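Below: the structure, in structure tokens.
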Amino acid sequence: MVSVTEGNSVTLKTGATEIQRDDEVLWKFGPQDLVIAQIHKKAGNISYADDERFRDKLQLDQQTGDLTISDIRIRISGDYHLQITSSKATKTKRFKVIVRVNTLKYTVGDSVILQTGVTELKNDDRILWKFSDKDTFIAELNGATNQTLFYKGPDGRFRDRLQINQQTGDLTIRNISRAHSDVYTLKITRGKKSTCKRFMVVAHGE
């Protein structure tokens, strides 16, 4: 089993020091064994699945066949199946990848800063912050117009508590209470590309 925090990278290793000339390496995902990456050593070809879940996230090591998954998300946690076929035999290996949500613990009354990981937003960037599994919008920043919007949230629990950093998109929640404990989802849109990040915030104490 391989455990990794959401948003980080993980490398699944074949165990080979070098792929042989006649080898074919296949990486598959899920119960349907969807082929997500493959190397045909002899032909010198490397290809990746045209699957939105894995787009721009996969990188194969041409020498070893190791698979690196960057910016990993919960929806691509699960079973990964490696198959190496040579002229003599076929070898297989399985990995179970568990993706954890980043859990942040605070004391009631604290100020919480949820970081985007961006050093500076671009003009066409759009930041959306959502609350709970119901994806309730609580804050939005439009880089093109430099406009910031805040929403009160369920029962008005976020009223006068939110602030967005105009440069990074980081979200500050002031005077946190237990009612603010839940999952927060960040969505960053840059042109046609979107990335998401999730945080589990837990407030404890009085």
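Things worth noting here:
- The lone exception for C196 - which of (1) at pLDDT 90 or above; (2) part of a strand (DSSP E or B); (3) not aliphatic (A, V, I, L, M) it fails: (1)
- Here I36, I19, I72 are screened, and the one residue that is under 18 Å from the mean Cα position of the chain (by Cα) and assigned to a loop (DSSP other than H, G, I, E, B) is I72.
- Answer from L128, L121, L141, L186 - the residue that is farther than 26 Å from I76 by Cα and in a strand (DSSP E or B): L141
- Residue that is farthest from I39 (Cα to Cα) [pool: residues in the stretch 75-106 that are in a loop (DSSP other than H, G, I, E, B) and in contact (Cβ under 8 Å) with a residue 12 or more places away in the chain]: V101
- Only one of D125, D160 that is at pLDDT 90 or above, surrounded by fewer than 19 Cβ atoms within 10 Å (Cβ to Cβ) and closer than 25 Å to T107 by Cα: D160
- Test for D155: is it loosely packed, with under 15 Cβ neighbours inside 10 Å and in a loop (DSSP other than H, G, I, E, B): no
- Set T90, T119: member being assigned by TED's automatic domain parsing to the domain that holds I188 and not hydrophobic (A, V, I, L, M, F, W, C): T119
- Selected residue (criterion: surrounded by the fewest Cβ atoms within 10 Å (Cβ to Cβ)) from residues of the stretch 39-51 that are part of a strand (DSSP E or B) and among the hydrophobic types (A, V, I, L, M, F, W, C): I46
- Members of the stretch 52-68 that are assigned to a strand (DSSP E or B) and either in contact with a Ser or Thr (Cβ under 6 Å, 6 or more places away or on another chain) or small (G, A, S) (or both): Q59, T68
- Residues considered: I164, I188. Of these, the only one that is over 20 Å from the mean Cα position of the chain (by Cα) and among the hydrophobic types (A, V, I, L, M, F, W, C) is I164.
One line per residue, one yes/no per condition, for (1) in contact with a His (Cβ under 6 Å, 6 or more places away or on another chain); (2) within 25 Å of F199 (Cβ to Cβ); (3) buried (at least 18 other Cβ atoms within 10 Å of the Cβ); (4) in contact (Cβ under 8 Å) with a residue 40 or more places away in the chain:
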residue: V4; (1), (2), (3), (4): no, yes, no, yes
residue: G7; (1), (2), (3), (4): no, yes, yes, yes
residue: T14; (1), (2), (3), (4): no, no, yes, yes
residue: D56; (1), (2), (3), (4): no, yes, no, yes
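- Screening I36, I74, I19, I84 for residues that are surrounded by 17 or more Cβ atoms within 10 Å (Cβ to Cβ) and within 29 Å of L186 (Cα to Cα) leaves exactly one candidate, I36.
The values are calculated or read from the model by the stated rules, or taken from the named source; none is laboratory data. Keep in mind it's a predicted model, so treat the numbers as computed, not measured. Neighbour counts are summed over all protein chains in view; Cβ atoms, including those assigned to glycine, are modelled from backbone coordinates with ideal geometry.
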